[in-house]
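The values are calculated or read from the model by the stated rules, or taken from the named source; none is laboratory data. Fair warning: this is a prediction, and the values are worked out from it, not measured in the lab. Here the Cβ is made from the backbone with ideal geometry for all residues, glycine too, and neighbour counts use every protein chain on show.
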Ligand code: ADP
């Protein structure tokens with residue numbers, strides 16, 4: 001499947017792309033991640049991109065397109081891909097069309113992740129990622145917890161850092177740039193009958209379900225535990241006869257306590273008694 005995830009900064013493109021990677025086994029291509037990697041490696045491309053990224057503007061189309069052309073030429077994209085953060089303006093969308101036409105790999109769907117402006121700002125302010133493994137957390141909604149406290153690379157608690165462009169001033173500019181340059185792509189892909197808008201607010205799992213539904217991917221439900229062999233199911237007594245039984249016995253001779261908490265403890269107490 002060849003998919004574009006379209007959405008404002010903080011709409012969850014990266015998080016949902018990861019879910020799709022696991023579910024569909026196709027690579028995520030994030031121009032933001034590719035550019036950040038170039039910056040941290042100190043390449044010429046990274047040097048040229050850094051200033052625009054730090055101030056919340058778009059990096060030059062020529063740099064981004066060169067990067068995408070190279071990435072889409074790699075063999076792992078034959079079975080499909082998820083484009084995250086690309087295309088980001090009409091020129092990039094047209095260039096992508098031509099590139100995919102030449103590769104004979106047309107897009108299957110463009111999913112638009114819709115999130116309210118106020119929610120976007122809140123999400124970005126709380127966003128942190130691990131400096132070692134790159135996993136993304138949110139201090140407000142999904143901090144490291146339980147099995148995710150330690151970094152799989154270092155075995156130590158994650159070293160959480162904030163992206164340099166996640167500061168207040170840059171975020172405001174990124175959202176403005178999204179409205180001006182990227183939002184027109186919604187109409188562009190709608191006119192081609194490819195747009196699938198989904199509500200991207202709420203729990204991550206809920207959004208994933210909406211995303212899978214929009215893509216027509218069957219949702220996997222968790223397998224039910226098989227019934228234990230040693231405990232065959234007793235036939236369910238009808239409520240009416242149970243009520244009669246309780247009424248038939250005087251209260252003090254009742255073996256089960258009317259208090260539900262004490263009733264819950266009773267089997268454990270009986271088991272202890274047997275051991276003694
Ligand atoms: P977000 O979607 O949260 O803004 P990204 O990680 O996708 O974050 O992008 C970070 C920055 O990288 C952008 O603000 C922009 O400067 C640059 N960038 C990413 N993708 C593109 C693109 N397709 N075209 C131009 N610039 C891009």
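Tabulated results
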item: Helices (runs of 4 or more DSSP H) (entirely within the stretch 118-230) containing at least 3 residues that are surrounded by 16 or more Cβ atoms within 10 Å (Cβ to Cβ) and more than 16 Å from the ligand (Cβ to nearest atom); result: 204-215
item: Residue within the stretch 120-129 that is within 21 Å of the chain's Cα centre (by Cα), farther than 29 Å from residue 170 by Cβ and at pLDDT 90 or above present; result: no
item: Only one of 3, 29 that is touching a strand residue (DSSP E or B) at 6+ places or on another chain (Cβ under 9 Å), within 12 Å of the ligand (Cβ to nearest atom) and in a strand (DSSP E or B); result: 29
item: Filter pass, residue 84 being in contact with a strand residue (DSSP E or B) (Cβ under 6 Å, 6 or more places away or on another chain) and near the ligand (Cβ under 9 Å from one of its atoms); result: yes
item: The stretch 37-59, subset in contact (Cβ under 8 Å) with a residue 60 or more places away in the chain and part of a helix (DSSP H, G or I), residue nearest to the ligand (Cβ to nearest atom); result: 53
item: Given (1) within 27 Å of residue 207 (Cα to Cα); (2) modelled with pLDDT of 95 or more, number of the condition residue 15 does not satisfy; result: (2)
item: The listed residue being surrounded by fewer than 18 Cβ atoms within 10 Å (Cβ to Cβ), near the ligand (Cβ under 10 Å from one of its atoms) and closer than 28 Å to residue 198 by Cα, out of 109, 91, 8; result: 91
item: Condition met for residue 115 (within 25 Å of the chain's Cα centre (by Cα), surrounded by 13 or more Cβ atoms within 10 Å (Cβ to Cβ), at negative phi and within 12 Å of the ligand (Cβ to nearest atom)); result: yes
item: Any chance residue 69 is surrounded by fewer than 15 Cβ atoms within 10 Å (Cβ to Cβ), within 16 Å of the ligand (Cβ to nearest atom) and either at pLDDT 90 or above or assigned to a helix (DSSP H, G or I) (or both); result: yes
